[in-house]
Every structure is written in structure tokens, then in C-alpha cells.
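The values are calculated or read from the model by the stated rules, or taken from the named source; none is laboratory data. Treat the numbers as computed from the prediction; the structure is a model and nothing was measured. Don't worry about glycine lacking a Cβ; one is built from the backbone with ideal geometry, like all the others, and counts go over all protein chains shown. Surface areas here come from the heavy atoms of the whole protein model, side chains and all, with no ligands, DNA or RNA. Shrake-Rupley method; radii C 1.70, N 1.55, O 1.52, S 1.80 Å.
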Amino acid sequence: MARQEKLSPEAIGEMYNQLTDSCADAFGGNLHVGYWTDDYDEAPVAQATDHLTDLVAERLEVVPGERVLDVGSGTGRPAARIATARDVHVTGVTLSEYQVRLAESRPGAGQGQGHADFQLADAMWLPFDDASFDAAYAIESLVHMENPAAVLGEIARVLRPGGRFVVGEWYLLGPLADDDAADLEHFSRSFNVHFLPTVEEFYEEMDRAGLKIEIFHDIWPNISRSFQLVGDILPASAIQLGGEIGEQLAVCAEMYRRFGEIPQISYALFTAVRR
Ligand code: SAH
């Protein structure tokens, strides 16, 4: 499990305030990988990243009117999409004030039958009552959390028994070669990654929190195209941005590309049920 030193929630929030727009441009408005059905699927990146959101939405098994928590809500695009498509109330939490404002200004947030609202909150201390959500999801956010046991405990606390928790996340297939471990460490530092578990570790941590994984679905072949696409787009945004933040983004782009080449890295959708 890769872990790294502590950054304050404010410092992490600031990093997201700065990098959200460029990264979201590269990922078609989302901050997660794209999903392509097969080699013949020619969907552009925005459609492919929305496709991943739709796979998460399906697995939530919610009915209209239910309350859903988005842990690490990014630009708010996934929450708005799920709220509209499923006619549910999605509440997103993020460490970035900029992301809250961006998400709240999105059409689909705060109106209509299904709606999405957003709060600046640390997932390690969720400001919600016990059992107040029917379902929850976390797309590419858990790895950034400093204390996964605390976060999973909080998610279990705010979910009602029987509620689903769906995770889209990186995981490790097994031990890393030395060179790859060095690349991963670089990546983890740049992207503030604390928790990159093996499947076994994922099951253990979830189980300890009272979340029973029912479906584990590795989707690496469907998402791996993201690295090339994003690796092509990010350096151009970095040049456009310029300055310190441009440099930071250029480093991130290179790290991201190398991360995608580590053979022991994979990606899965986990569906758990709150006991
Ligand atoms: N789920 C979104 C965004 C992924 S980027 C998407 O799929 O598009 C990671 C997100 O996790 C960011 O919004 C970041 O603010 C959030 N995050 C990271 N650590 C967090 C924490 N401790 N509490 C709440 N949100 C956190």
C-alpha cells in the first residue's frame, strides 16, 4: 500500500482550486478516466468519462427521490448527471471551495426533480446524520484520503443499512518492481495519493468499516486509453497556463503517463453493501 506524508486539507483544497479547470478540460469535464466498450468504441473523452459515471450510477440501484452522497465530488458533473438521470438528490463533498462554486453553477444542480448540492467538507468528518443516505459513491477520490479507515467508517455511518457504496478506483495487482515503485512514489507525491491498496487490502478495509463488497469488476482494458488521451492533452494545457502552475501541470502530465505504464496498476469498480 503506497502512503505518503501529510498535507493539510487546506493545502489539498488549494491544489484542486488551481488545477481543476485544466484537468477537467483533459477529462471532458470530469476528473476521472474514460470507459470505452471495446477497441471499436470511438467515443470522445467527454462521452467516455460520462460513460464511467453511468456505470457507477447503475450500480447504486437507487429509486427516484432517494438521497445519494458523492464523496469527493470534483467539478460536480458526475453528481449532476446522476441526479438528473436517476431523479435522486445527490450531495457532493469536496475539499476545494472552487469546486463547490463550479459545481453549484452547473445546470442540473439545485433544480428539477433530481438535484445536486455541494459542500466544502472533509470526508473524514462528514457533516451528516447517521443513516441519512440511501447510497454513496466515490470516484477516484479514496486514494487521495489520508486515513482511509476513517473515511470508510464515516461513509458506513451515514449510509443506511442495505445502502450501496460504489467505488471507481485504482488498485495494485501485486508487489512492484523497484523502478515502478519509484515512479509510483513520484506520482503519489504529485497527485497526493495516500492509499493505493491491493484488492485484498480493499476488501479488508471495507469489511472493517461494515461495508461488504459484493461485486468486484476490473475494467482496466476499458479505461487504459485514458492515459494516452489525457497525456496528449495535459501538456498543451500546461504550456497555455504557463508559470508555476503550468510547470506543475506538465509534471503531473508526465507522472500520469508513467503511472499508466506501471504493469501492476489496475482499475476496478467495487460495489459494496452497508451491513
Ligand atoms: N469524483 C470526481 C472527482 C475526482 S478528483 C470525479 O470523478 O470527477 C478527487 C476529488 O476528491 C476532489 O474533488 C477532491 O477535492 C476530493 N477529495 C480529496 N480528499 C478529500 C477529502 N478528504 N474529503 C473530501 N473530498 C476530498
Kindly indicate the residue of the stretch 233-249 that is without any contact (Cβ under 8 Å) to a residue 12 or more places away in the chain and aliphatic (A, V, I, L, M) and also most open to solvent (accessible area, probe 1.4 Å) among those meeting that condition. ILE239
Would you point out which residue out of ARG106, ARG67, ARG81 is within 13 Å of the ligand (Cβ to nearest atom), of a type in the set (Lys, Arg) and either at pLDDT 95 or above or open to solvent by 70 Å² or more (accessible area, probe 1.4 Å) (or both)? ARG81
Answer yes if at least one residue in the stretch 137-156 is away from the ligand (no atom under 12 Å from the Cβ), outside any helix (DSSP H, G or I) and surrounded by 16 or more Cβ atoms within 10 Å (Cβ to Cβ), and no otherwise. no
It is to be established whether one or more residues within the stretch 43-54 are within 15 Å of the ligand (Cβ to nearest atom) and touching a strand residue (DSSP E or B) at 6+ places or on another chain (Cβ under 9 Å). yes
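Taking helices (runs of 4 or more DSSP H) that do not extend beyond the stretch 1-112, which have at least 2 residues that are farther than 21 Å from GLY168 by Cα?
Answer list for the stretch 1-112: 9-26, 97-104.
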Return the residues of the stretch 194-226 that are more than 16 Å from ALA272 (Cβ to Cβ), open to solvent by 10 Å² or more (accessible area, probe 1.4 Å) and part of a helix (DSSP H, G or I); say none if nothing qualifies. TRP220, PRO221, ASN222, ARG225
Residue check, HIS186 open to solvent by 50 Å² or more (accessible area, probe 1.4 Å) and in a strand (DSSP E or B): no
I need the full set of residues from the stretch 61-92 which are among the acidic types (Asp, Glu) and at positive phi, in order please. GLU61, ASP87
Give ILE245, ILE233, ILE262, ILE215 a once-over and let me know the one that is among the hydrophobic types (A, V, I, L, M, F, W, C), within 27 Å of ALA136 (Cα to Cα) and in contact with a helix residue (DSSP H, G or I) (Cβ under 9 Å, 6 or more places away or on another chain). ILE215
For the stretch 87-97, check the following and say yes or no: at least one residue is over 15 Å from the mean Cα position of the chain (by Cα), of a type in the set (A, V, I, L, M) and farther than 19 Å from GLY29 by Cα. yes
Within 16 Å of the chain's Cα centre (by Cα) and open to solvent by 10 Å² or more (accessible area, probe 1.4 Å), is that true of ASP129? no
Could you tell me which residue of the stretch 218-230 is modelled with the lowest pLDDT, considering only residues that are over 17 Å from the mean Cα position of the chain (by Cα) and within 18 Å of ILE139 (Cα to Cα)? ARG225
Among the candidates ASP117, ASP122, ASP87, single out the residue that is within 9 Å of the ligand (Cβ to nearest atom), of a type in the set (D, E, K, R) and open to solvent by 20 Å² or more (accessible area, probe 1.4 Å). ASP122
